[in-house]
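S.K.: Could you have a look at this structure, given as structure tokens, before my questions?
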Amino acid sequence: MPDHPDLKIIEQALAGSTAAFRTLVERHQPFVYRVAYRIVGTGDDAEDITQEAFIRLWKNLARYRSEIRLTTWLYKIVTNLCLDFLRSRQHRSMKNTVGLETHEKMYSDVSADQPLIDGELMAIMNRMTNELSPKQKAVFVLRDLEDVSMQEIAEVLSMNAGQVKSNLYYARKRMSEMISAYYQTKEGTKS
Amino acid sequence: MKCSEIEKCLYLYTELTAAEQEETDQHVKTCASCAKIKERMDMVRYATAFQQRHPPRPAHEARLTQKIMSAVNQLQESRKPVHDRFHRGLFMPLLRYSLAGLSAILIAFFIGEYAYTTYRVRPSTQHTIAQGDHAELNIASFHQVFISEKRNHQHKTASIWKRIRDSAHPGTEKCMECFNGSSKK
């Protein structure tokens, strides 16, 4: 089902209205940034990718087909940008030196009386997702954090259903193993 | 189902049909190793649910939007035809006044240059001015005027000397006629 409110705005933007495009940016920027952040892991890189995603959207707006949801198209743009970023040599060289931001900064809206275990778990989860392969990470973020359907993920990542399932299986398995190992280590240090 | 199959089902639990989920649940109740896997997956689900409730946001959302729009506006501007951009630029006050000033300076320079050239080339003799001779820029005409003036002057000098010489002797009228005739020319 196409996004009808987006369609009207897209038509205006295609006619050259940057104000209409601004509406699209304001509407979709939060989820584009969210996906970028969860995949690449740093705020600055996520902002750069978000900006690049909207520039690509603007450049290719004329190629938009109304039968595809704009969100699906944006997911495709942003995940492709993130995968390119993760695959780049620059990122690989920096991977060991630049980690994810601390959970205090990432989850600034978490109240102070929140149980420590939650914040701690979030930080460790972010570090763990960094250990997944780019494709596994993209599938895991889209399915488990963004609630995107398997069919849509297949479309976004240009994979078949079997490949999506396989990547999701390995991502979840790896994540659960890492969480388990983390808790075992933690229990060991306590005792 | 075997434990290896149940393990796969546990990791892909959300993608199973209701019947498959039921079968998996039944197995987990009776299998300790599979129950342990389920427990670990529950931890992952708990963590992802928390992450969903607290999404990351850019430090300055409005600034990011502005950054995106600036880039888009630049792109939009670069897509416009060159003459369109030039026309728009021409009406910018600074450029407009600069061009007007430059034009005024150029006009003043050409007028000055024209006046200076005219002053230098024009012959200084009253003869050419009196006759309305516009030979200022025509060098050949200028030479003609100059030579005739020189001849006239020689003729005048000779006539004066003749008058002086003839003052003591008659027959000076003829020479005066000659003199008057040449000066009228």
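The values are calculated or read from the model by the stated rules, or taken from the named source; none is laboratory data. From a predicted model like this one, the values you see are computed outputs, not experimental measurements. So basically every Cβ, Gly included, is an ideal-geometry build from the backbone, and we count neighbours across all protein chains shown.
S.K.: Can you find a residue in the range A:125-132 that is of a type in the set (A, V, I, L, M, F, W, C) and at pLDDT 85 or above?
M.R.: So far as the range A:125-132 goes, yes, one or more of its residues are of a type in the set (A, V, I, L, M, F, W, C) and at pLDDT 85 or above.
S.K.: Next up: Taking only the range B:1-45 into account, find how many residues are more than 8 Å from chain A (Cβ to nearest Cβ) and of a type in the set (A, V, I, L, M).
M.R.: 9
S.K.: If I filter the range A:28-41 for residues that are more than 7 Å from every other protein chain (Cβ to nearest Cβ) and more than 23 Å from B:ARG53 (Cβ to Cβ), do I get at least one hit?
M.R.: No, the conditions are met nowhere in the range A:28-41.
S.K.: Could you grab me the full set of residues in the range B:45-69 that are of a type in the set (A, V, I, L, M), out of contact with any Gly (no Cβ under 9 Å at 6 or more places or on another chain) and either surrounded by fewer than 17 Cβ atoms within 10 Å (Cβ to Cβ) or not in a helix (DSSP H, G or I) (or both)?
M.R.: B:ALA49, B:ALA62 - these are the residues of the range B:45-69 that are of a type in the set (A, V, I, L, M), out of contact with any Gly (no Cβ under 9 Å at 6 or more places or on another chain) and either surrounded by fewer than 17 Cβ atoms within 10 Å (Cβ to Cβ) or not in a helix (DSSP H, G or I) (or both).
S.K.: What number goes with the only condition from (1) within 11 Å of chain A (Cβ to nearest Cβ); (2) among the β-branched types (Val, Ile, Thr); (3) out of contact with any helix residue (DSSP H, G or I) (no Cβ under 6 Å at 6 or more places or on another chain) that B:THR48 does not pass?
M.R.: Only one criterion is unmet by B:THR48, namely (3).
S.K.: Out of the residues in the range A:151-168 meeting the condition of being within 12 Å of chain B (Cβ to nearest Cβ) and in contact with a Lys or Arg (Cβ under 7 Å, 6 or more places away or on another chain), tell me which one is nearest to A:ALA36 (Cα to Cα).
M.R.: Selected residue: A:ILE153.
S.K.: Can you pull out every residue in the range A:1-50 that is basic (Lys, Arg) and touching a residue at least 40 places away in the same chain (Cβ under 8 Å)?
M.R.: A:ARG34, A:ARG38
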